[in-house]
Amino acid sequence: MDKDKLQTSLSKEHIYMKELLQSLVETTIDAISIRDMQGNILLVNCAFEKIYGWAYQDLIIDPYCLVPENLINETKEIFHQIKFSGEKISGYETVRKRKDGTIVQVCLTASPIKDRVGNIVGTSVIARDITDRKKAEEALLESEAKYRILVENTNDIISTYDLNMKKRFVSPSIELHLGYTQYEYLQAGTFAFIHPDDVKKIVNLRQSISPHKINVQIEIRIKHKNGSWVYLESRCVPILSENSKIESYLVVSRNITERKQSEEALRKSEEQYRFIAENTADFISVIDKYGDVMYSSPSHMKKLGTNRIHFENIHPDDASLVCERFSYMLKSKTPIICVYRYNLENETWIYLESRGIPFFNTDGECQYFFNVTRDITERKQNEDLLRRTEKLSVIGELAASIAHEIRNPLTTLKGFVQFLKPEISDNSAFFDIMLSELDRINFIVGELLVLAKPQNLYVKPILLHSIIETVVQSLKSEASLKKIKIMEKLENTPVTVNCEENRLKQVFINIMKNSLDATSANGEICIQTKLLNANQVLIRFSDNGCGISQELLARLGEPFYTTKEKGTGLGLLVSNKIIKDHQGSINITSEINKGTIVDITLPISI
């Protein structure tokens, strides 16, 4: 081969090697960068920009833009050793800053670049992104630390065995439950401390796990160092290799000696109280410290329709109190009493009073407690009635003592206000407001006087329809202003009732005004009369107004309780008393956004 052909062949090989090298640089997943002796970037590959986000142009402007500020000096020192000492750095782990500001963990390999005569002319750096690997390592370390803390501090006994059931590890808790040190327990044979009657369970345990590779749970007795027998509830879990073969066993054991003792004591005592529990009207249940019901008396089914008290049926407002009292009993180990509302299957709310009584074992620990519950709905109703009666009594006494005293200065004030009105005509609007408010005070005092003491009724037979017509006429103008339609559906047969006309009108007006306040424009109010029998008539006031919630409905009629902004809360109270004095009754039903119905029944005059 002549000289020209040789040079051509070498030139082609050089070009091929250069292309091969360039292809390798561009296709590798590692970031490659080349710097000159001054630290300026000469070359970066595609992987560099993909990992760091910085482009070649960014590095021309700031060659150290990807290095965190606190590592710039360290990086310069490392490159100084490469450039001037010819050292090669391999496996150097550090961090770099991406263009978006996030930090990436990398492993660097840096080498000097030499010319043909061996002079160092630059440096090359190959960087591999190890962020995911670092996160995985940190997660593994964290997981191992957590499990180590769990094993070393758990109250359960954790142990491992090889395929021949030889002990390999046991947690420090072994000494707490069995008295042996870890060394003493591991040195003994597999069956050294196991009760002879339970050895067969261990043998069967291995045979059950091997073919199916499932978890198995058993109860065994192990001899304590002091000679007593300890009951353990053990769960055996097979540990599988990568090819799904059993390579060892993990056993988690819990000391259930106290539970077994309590169960035996409970079984013996159960025979003594079962007769009483199954024949009492109270609800008796036995509950462990975890809240699980161990026994419920048959009275639960008779009254509640279920075999126990369900927590979800407790009123939401009372649930936190029940939990708090239960927790307090467990901590203080003292009996507690808790009153709460409970919802039956027919959606009826009743009041229950539960007495929690802790039951202690021989070691003084509370393992169970007795819950004796009684239905006190009737008692609560009587208490509410008593409070309401007392409230009415107080109102009556207050009204009797101050009503007349209020009216005397009220009359004087009203007289002077009317006397001064002509003299100061510029502020006549203020005088009108003052007179209006004085009249309102006088009206409230009048309502209080109705409650002050029993009033003598001067009743006489009056046509019911005439009273209704009068009330409707007096309120028609107000209804027209509010664009509310008043409809009448009265019995064709005239009905006469024994009443004091003005008081009955007062009741009807009060109910109608409440309907007008609750009904929006274009609403309807209907007055209907109906003969219930030969002795009673029903007067029904219905509207399609905003309605009243069931919670607020239960409180209507209480003194000074009102849903209106400017109401006194006495209107319905006075109305109830007037109807009661007329030997009648009032019943109110309502539903939010659908309206309210007020039913009044009165005896018919014969």
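The values are calculated or read from the model by the stated rules, or taken from the named source; none is laboratory data. Computed from a predicted structure; not experimentally measured. Ideal geometry is used to build each Cβ from the backbone, glycine not excepted, and the neighbour counts take in all protein chains shown. Accessible surface is based on the protein model in full, side chains and every heavy atom, while ligands, DNA and RNA are left aside. Shrake-Rupley method; radii C 1.70, N 1.55, O 1.52, S 1.80 Å.
On the basis of being over 19 Å from the mean Cα position of the chain (by Cα) and more than 18 Å from Asp288 (Cβ to Cβ), does Ile357 make the cut?
no
Which of the residues spanning the range 57-100 are in contact with an Asp or Glu (Cβ under 8 Å, 6 or more places away or on another chain) and more than 19 Å from Asp129 (Cβ to Cβ)?
Gln81
Would you list the strands (runs of 3 or more DSSP E) that sit entirely within the range 282-362 and hold 3 or more residues that are open to solvent by 80 Å² or more (accessible area, probe 1.4 Å)?
In the range 282-362, the matching strands (runs of 3 or more DSSP E) lie at 349-360.
Which ones in the range 53-92 are in contact with a strand residue (DSSP E or B) (Cβ under 7 Å, 6 or more places away or on another chain), closer than 14 Å to Ala110 by Cα and not charged (D, E, K, R)?
Ile78, Phe79, Ile82, Gly86, Ile89, Ser90, Gly91, Tyr92, listed by residue number.
Does Gly122 satisfy the criteria of being over 25 Å from Glu175 (Cα atoms) and without any contact (Cβ under 8 Å) to a residue 40 or more places away in the chain?
The answer is no for Gly122.
I need the full set of residues from the range 30-56 which are closer than 15 Å to Thr131 by Cβ and buried (at least 16 other Cβ atoms within 10 Å of the Cβ), in order please.
Selection gives Asp30, Ala31, Ala47, Ile51, Tyr52, Gly53.
Name the residues in the range 64-73 that are surrounded by 12 or more Cβ atoms within 10 Å (Cβ to Cβ) and more than 15 Å from Ile41 (Cβ to Cβ), would you?
Hits for the range 64-73 are Pro68, Leu71.
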